1. Report yes if residue 189 is modelled with pLDDT of 95 or more and in a helix (DSSP H, G or I), otherwise no.
2. Please indicate, with yes or no, whether at least one residue in region 144-156 is at pLDDT 95 or above, under 22 Å from residue 115 (Cα atoms) and touching a helix residue (DSSP H, G or I) at 6+ places or on another chain (Cβ under 6 Å).
3. Looking at region 394-437, which of the residues that are of a type in the set (D, E, K, R) and not in a helix (DSSP H, G or I) is surrounded by the most Cβ atoms within 10 Å (Cβ to Cβ)?
4. Residue 173 passes all but one of (1) assigned by TED's automatic domain parsing to the domain that holds residue 428; (2) at pLDDT below 95; which number fails?
5. Which residue pairs have Cβ atoms closer than 7 Å, lie 6 or more positions apart in sequence or on different chains, and pair a first residue in region 445-471 that is assigned by TED's automatic domain parsing to the domain that holds residue 482 with a second residue that is among the aliphatic types (A, V, I, L, M) and outside any helix (DSSP H, G or I)?
6. I'd like to verify a number: residues in region 292-308 that are touching a Ser or Thr at 6+ places or on another chain (Cβ under 8 Å) and either over 19 Å from residue 479 (Cα atoms) or surrounded by fewer than 24 Cβ atoms within 10 Å (Cβ to Cβ) (or both), how many?
7. Is it the case that some residue within region 227-250 is part of a helix (DSSP H, G or I), over 22 Å from the mean Cα position of the chain (by Cα) and at pLDDT 90 or above?
Amino acid sequence: MWSSTRPMNNCRDGSRISWVNCSGFRVGTLCITLGSPGRPNSSSSVTLFSSALSSNVRHTPLATASSRLSFPERAALGIALVEIPLQIDKYMWFSEEDANQGAVAGLNLSVATVGIVVLYFLWMTGAAVRRDRATSAPVLGVPMIAYMAVVTISSLVAEKALLSFFDIALLLQAYALFFYIANRVTERADIIFCVVVLAVTMLIQSFFIFGLTALGSGAAGNEYTFGPLLLAVWPDGRPAGSMHSPVSAGSVLALLWTPVVALGLCRVTGALRVLMLQAAALGLLAILLTQTRGAILTALVGAILIGSGMLLRGWLPRWVLLAVLGLALMGAYPMFVVFEKRVMHGDDGSAESRVHLSAIAMEMIAERPLFGYGAGNCHLAGQRFANSGRYRSEWYYTIHCKYLLVWVENGVLGLIAFVMMLINGLRYGWVAWLQRDRLLAPLGLAFSAAIAGHMVHMSVDIFNSRTVVQLLWVVLGITAAIYKLSLSQPVQTARTGVAHVQ
């Protein structure tokens, strides 16, 4: 399928760049010779997939090894990740009554489900196996396994066990994505590929949000169908993209935003940097347009952590200050709208409702703190408490705090396993940051910052939808891959004579 190859001039350090046209798409391939300048015939060379979207990429000093993912694997993984927020899916045995109370109300089968099957088929059948063998133990994600085990056991005490089954099935798909990424993504080029896919995902959702916002106030409360896609605007005018909720849309964009920014701050050139910075700028604007306060806080936490970390190490590019000023000017009016509508003039009781929902949760926990009420059954078990005299006149829904929700449904062991899962993700990124690798360290810190910000946001929302659950576990998987790679390779600096980032 390779139609042509056009070599280009050698780089100063003995590198060379070639463009390869594959099946009508122009794919940039960067070959870097490891060695000193003037010795282009050194024995070892490596390859970096830069971008199928680029038309011109200069020497990018980020690649240190060839991609271990095959083209079919990249295609399946990329499609699966992009589809998660698009929600091209089907719910089997769907219960609208339970869905209206915030439960996972059906067995979800999606394009991502097919992608997972394809990825593991390629892996297990040997179609994607390379000559080299694994030299380290696999990343299992023990806290994740423990959490899924507790969720499974909790179904034994569930009032409606089928809802527990739906929760378990969703977690199994999320874990399959985590395990694949954590153990199959073993090269720098593949980590860059994953972050590029996250940036593309952010761009797609941002354009959806811009389009819905451009429709004006007349679009409030409407839904728009485009083939398998459903775009929505809430009655209060907040755009939800293809995720049915502005809260989900904002939280997903905020979760992906910091890693995309971090890659843009690394010493990359040409189309890759442009793509990252464009995605970051448009993604931030889209977050503001959703008016999701927790998402704005998540992005702010991420920006502070990655900015201060890179500044303290002297890795922050000089142009960042101008970029921050530009972003501040661009987001000034949307931020004013958020402050006016969601802070000054109230939020239609959104914050107040969380108070009595949390109070109901605490009463439920006091009654069954150890084993909970069963995964997916919070809204059913809490109905008795909500109908009591104290809360009878209040709005009732599934508990709007992820930590309390996990405790109510799965007991204290489930809560401990869930929190340990998140802390383990923070540890992965922090260890990578301590290795001081000029590519992996900023990305490790960025993913940890994204997880930390999301942990804050989870204190005020449910976050049990497929989109948020699967993308969180994808982020944990990429963080684990960065952690594993950062420990398995020597730190690469200007003094090593190896391709590096300055």
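The values are calculated or read from the model by the stated rules, or taken from the named source; none is laboratory data. Quick caveat: nothing in here was measured; it's all calculated off a predicted structure. Cβ coordinates were reconstructed from backbone atoms using ideal geometry, including for glycine residues, and neighbour counts include every protein chain displayed.
1. no
2. yes
3. 437
4. So the condition that residue 173 fails would be (2).
5. Close Cβ pairs satisfying both conditions: 464/104; 467/243.
6. 5
7. No: region 227-250 contains no residue that is part of a helix (DSSP H, G or I), over 22 Å from the mean Cα position of the chain (by Cα) and at pLDDT 90 or above.
Every residue, every condition in (1) closer than 30 Å to residue 323 by Cβ; (2) outside the structural domain of residue 194 (by TED's automatic domain parsing); (3) surrounded by fewer than 24 Cβ atoms within 10 Å (Cβ to Cβ), yes or no:
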position: 214; (1), (2), (3): yes, no, yes
position: 224; (1), (2), (3): no, no, yes
position: 236; (1), (2), (3): no, no, yes
position: 244; (1), (2), (3): no, no, yes
position: 250; (1), (2), (3): yes, no, no
position: 256; (1), (2), (3): yes, no, no
position: 260; (1), (2), (3): yes, no, no
